[in-house]
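Engineer: Following this message is one structure expressed as structure tokens.
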Amino acid sequence: MRIIITGTPGTGKSTISKSLAKELKLELVDIKKIVMAKKLSNKKHEVDIRKLVGAMRSLKNKKNYLVEGHLACEFFIPADFIIVLRTHPRVLQKRLKKRKYNKKKIQENIMTEMLDYCTQRVIQIYKKKPLELDTSRRSPSSSIEEIKKAIKQKKKKIDSVDYSSLLVEGY
Ligand SMILES: Nc1ncnc2c1ncn2[C@@H]1O[C@H](COP(=O)(O)OP(=O)(O)OP(=O)(O)O)[C@@H](O)[C@H]1O
Ligand SMILES: [Mg+2]
């Protein structure tokens with residue numbers, strides 16, 4: 001089975017993926033680790049996507065993996081299930097503050113989340129709707145259970161998420 005877990009930074013990809021990959025006995029591929037190991041980003045932390053695609057080419061021959069990272073929505077990776085983790089802007093703000101991200105970076109990520117960016121990008125790149133799961137009010141373990149259930153039952157939907165109204169209403 002090939003799973004992709006993507007979403008805005010702080011939505012819980014790494015937390016969930018580590019346990020889920022173990023439980024499902026899938027090779028865990030952390031895109032951030034590849035970017036760091038192969039030095040694919042510049043001083044501004046911009047990643048060379050073309051080089052990243054090259055670095056991940058070996059996945060083509062594999063049938064079992066869980067790829068996680070926000071950049072997974074930027075280029076095509078063969079997958080049976082694509083999951084986009086979502087988080088309410090206020091919860092995301094708290095999580096990123098805890099990480100000591102600066103104001104600008106927190107604001108950028110909140111904006112990305114409110115704009116539905118990762119979901120829209122997945123639809124554009126993968127030509128299919130991802131499964132969206134909101135981690136705002138779930139524990140990591142219950143998020144994992146929801147994902148496992150959705151995979152087993154081949155669900156087309158987990159949560160309906162739309163934080164775009166908060167762009168005008170505030171959050
Ligand atoms: N239901 C949940 N699922 C996942 N993480 C959760 C959940 N609830 C709270 N959290 C917390 O949110 C944080 C998510 O951090 P994590 O590093 O997993 O995010 P990420 O999406 O991998 O970010 P990045 O893109 O920067 O790597 C963790 O501190 C985790 O404990
Ligand atoms: Mg992560």
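The values are calculated or read from the model by the stated rules, or taken from the named source; none is laboratory data. Quick caveat, the model's predicted, so the values are computed rather than measured. Glycine also receives a Cβ, built like all others from the backbone with ideal geometry; neighbour counts cover every protein chain displayed.
Engineer: When you check ALA72 against the structure, is it surrounded by 19 or more Cβ atoms within 10 Å (Cβ to Cβ), farther than 16 Å from THR112 by Cβ, within 16 Å of ligand 2 (Cβ to nearest atom) and not aromatic (Phe, Trp, Tyr), yes or no?
Structural biologist: Answer is no for this residue.
Engineer: Next question, about the same structure. Quick check on this structure: which one of ASN61, ASN109, ASN102 is over 30 Å from SER165 (Cβ atoms) and not small (Gly, Ala, Ser)?
Structural biologist: Going through ASN61, ASN109, ASN102 in turn, the sole match is ASN61.
Engineer: Conditions: (1) in a helix (DSSP H, G or I); (2) surrounded by 14 or more Cβ atoms within 10 Å (Cβ to Cβ). ILE77 meets all but one. Number of the miss?
Structural biologist: (1)
Engineer: Just name the residue that is nearest to GLU146 (Cα to Cα) out of those in the stretch 13-41 that are within 11 Å of ligand 2 (Cβ to nearest atom) and surrounded by 22 or more Cβ atoms within 10 Å (Cβ to Cβ).
Structural biologist: Going through the qualifying residues, I end up with ILE16.
Engineer: Picking from VAL91, VAL29, VAL35, which residue would you name as being more than 20 Å from THR135 (Cα to Cα), in contact with a Ser or Thr (Cβ under 6 Å, 6 or more places away or on another chain) and either at pLDDT 95 or above or more than 12 Å from ligand 1 (Cβ to nearest atom) (or both)?
Structural biologist: Just a single option satisfies the conditions, and that option is VAL35.
Engineer: What helices (runs of 4 or more DSSP H), lying completely within the stretch 104-171, carry at least 1 residues that are closer than 26 Å to VAL53 by Cβ and modelled with pLDDT of 95 or more?
Structural biologist: The qualifying helices (runs of 4 or more DSSP H) are 117-126, 140-152.
Engineer: Okay, next question. Test each condition in (1) out of contact with any Leu (no Cβ under 6 Å at 6 or more places or on another chain); (2) in contact (Cβ under 8 Å) with a residue 60 or more places away in the chain for ARG50 and report the one that comes out false.
Structural biologist: (2)
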